[in-house]
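Colleague: Mind having a look at this structure? Questions to follow.
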Amino acid sequence: MINWENIDTVLLDMDGTLLDLHFDNHFWREYVMHKYAARHQQPLDQVRSKLLARMHETRGTLDWYCLDFWSSELQLDILALKREVEHLIRLHPHAEAFLQALHGWRPMTLVTDAHPDVLQLKLKRTGIAVYFDSIISSHEFKQPKETQIFWQLLQQRMDFIPERTLLVEDSTAVLTAAKRFGISQLLAISRPDSRAAINDFVDIPSIKDFGEILPIKR
């Protein structure tokens, strides 16, 4: 599935790709809902309907991923709440073995939409920072990965060749944006949340977890 001879640079997403998206889904769909309802003394069903609608409005923008935005919007300390359930942060099966196999052989960059504070929380919890040559949050560019501007700014920062770059990602919108930019080596993670259904990808090769492409023959 992957011809490593044609790849000079590896870009890896974090949430849903290396890390189980269950943490984020549980946090936003359940934990925050209960905390908001208790804080504002509103019925949970009403809160769920209101917040899901607000989240839908921000999808595809940097606000969707922004800790500061949601802390202000919900009048909750989102980072503190994430720390309360950080025990749920965990790597996907075989993700660390994949990182170990590539470490020192192909340049790897972690490219995430996560807010820098959340990024540091997850890196500390998992210890995966040691495998990467560089780590970039889209907040540095003030553009989410769904936009062409993000990829333009990333290329200016890294000077990578799109045709010789591999992106592993779970988001269809991000994969589509990267493909449009010219990144030709794409691999989708079809089960970002270990407790949810598998996603279908029609035009992009996909795997459920990194065990499907291990071992890597150098």
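Colleague: When you go through Asp68, Asp24, Asp63, Asp45 one by one, which is the residue that is touching a strand residue (DSSP E or B) at 6+ places or on another chain (Cβ under 8 Å) and either of a type outside the set (A, V, I, L, M) or not assigned by TED's automatic domain parsing to the domain that holds His103 (or both)?
Modeller: Working: Asp68 fails: touching a strand residue (DSSP E or B) at 6+ places or on another chain (Cβ under 8 Å); Asp63 fails: touching a strand residue (DSSP E or B) at 6+ places or on another chain (Cβ under 8 Å); Asp45 fails: touching a strand residue (DSSP E or B) at 6+ places or on another chain (Cβ under 8 Å).
After applying the criteria, what remains is Asp24.
Colleague: Follow-up question, since we're still on this one. When region 125-173 is examined, which residues are found to be touching a Pro at 6+ places or on another chain (Cβ under 9 Å), free of Cβ contacts under 8 Å to residues at least 60 places away in the same chain and farther than 17 Å from Glu96 by Cα?
Modeller: Of everything in region 125-173, those that are touching a Pro at 6+ places or on another chain (Cβ under 9 Å), free of Cβ contacts under 8 Å to residues at least 60 places away in the same chain and farther than 17 Å from Glu96 by Cα turn out to be Ser137, Glu140, Phe150, Trp151, Gln155.
Colleague: Given the criterion in contact with a Lys or Arg (Cβ under 9 Å, 6 or more places away or on another chain), assigned to a helix (DSSP H, G or I) and not assigned by TED's automatic domain parsing to the domain that holds His139, identify the matching residue among Ala53, Ala101, Ala80, Ala37. Write out each step before concluding.
Modeller: Details: Ala53 fails: in contact with a Lys or Arg (Cβ under 9 Å, 6 or more places away or on another chain); Ala101 fails: not assigned by TED's automatic domain parsing to the domain that holds His139; Ala80 fails: in contact with a Lys or Arg (Cβ under 9 Å, 6 or more places away or on another chain).
One residue alone meets the criteria, Ala37.
Colleague: Pull out all pairs, ordered by first then second residue, where Cβ-Cβ is under 8 Å, the residues are six or more apart or on different chains, the first lies in region 57-85 and is within 14 Å of Pro144 (Cβ to Cβ) and hydrophobic (A, V, I, L, M, F, W, C), and the second is surrounded by fewer than 13 Cβ atoms within 10 Å (Cβ to Cβ) and at pLDDT 95 or above.
Modeller: Here the result reads Leu62/Lys142, each pair linking region 57-85 to a residue that is surrounded by fewer than 13 Cβ atoms within 10 Å (Cβ to Cβ) and at pLDDT 95 or above.
Colleague: Within region 151-165, is there a residue that is within 16 Å of the chain's Cα centre (by Cα), surrounded by 22 or more Cβ atoms within 10 Å (Cβ to Cβ) and part of a loop (DSSP other than H, G, I, E, B)?
Modeller: There is no residue in region 151-165 that is within 16 Å of the chain's Cα centre (by Cα), surrounded by 22 or more Cβ atoms within 10 Å (Cβ to Cβ) and part of a loop (DSSP other than H, G, I, E, B).
The rows are residues; the columns are (1) surrounded by 16 or more Cβ atoms within 10 Å (Cβ to Cβ); (2) of a type outside the set (Ser, Thr, Tyr); (3) in a helix (DSSP H, G or I).
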residue	(1), (2), (3)
Ser72	no, no, yes
Pro93	no, yes, no
Glu96	yes, yes, yes
Thr109	yes, no, no
Lys124	no, yes, yes
Ile136	yes, yes, no
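Colleague: Does Pro116 meet the test of being of a type outside the set (A, V, I, L, M) and surrounded by fewer than 15 Cβ atoms within 10 Å (Cβ to Cβ)?
Modeller: Values: of a type outside the set (A, V, I, L, M): yes; surrounded by fewer than 15 Cβ atoms within 10 Å (Cβ to Cβ): yes.
For Pro116, the condition - of a type outside the set (A, V, I, L, M) and surrounded by fewer than 15 Cβ atoms within 10 Å (Cβ to Cβ) - is met.
Colleague: Is there any pair with a first residue in region 190-215 that is over 20 Å from Leu21 (Cα atoms) and a second that is at pLDDT 95 or above and of a type in the set (Ser, Thr, Tyr) whose Cβ atoms are under 8 Å apart and which are 6 or more apart or on different chains, and what are they?
Modeller: Partner pairs satisfying both residue conditions: none exist.
Colleague: Checking the condition under 15 Å from the mean Cα position of the chain (by Cα) and either closer than 24 Å to Glu146 by Cβ or of a type outside the set (Gly, Ala, Ser) (or both), which residue from Asp45, Asp8, Asp13 passes?
Modeller: Asp13
Colleague: Taking only region 177-189 into account, find how many residues are without any contact (Cβ under 8 Å) to a residue 24 or more places away in the chain and over 14 Å from Thr17 (Cα atoms).
Modeller: First, pick out the residues of region 177-189 that are without any contact (Cβ under 8 Å) to a residue 24 or more places away in the chain: 182, 184, 186, 188.
Checking the rest, the ones that are also over 14 Å from Thr17 (Cα atoms) come to 182, 184.
Within region 177-189, residues that are without any contact (Cβ under 8 Å) to a residue 24 or more places away in the chain and over 14 Å from Thr17 (Cα atoms) number 2.
The values are calculated or read from the model by the stated rules, or taken from the named source; none is laboratory data. The structure displayed is predicted, hence computed values, not measured ones. Methodologically, a virtual Cβ is constructed for each residue, glycine included, from the backbone with ideal geometry; neighbour enumeration extends over all protein chains shown.
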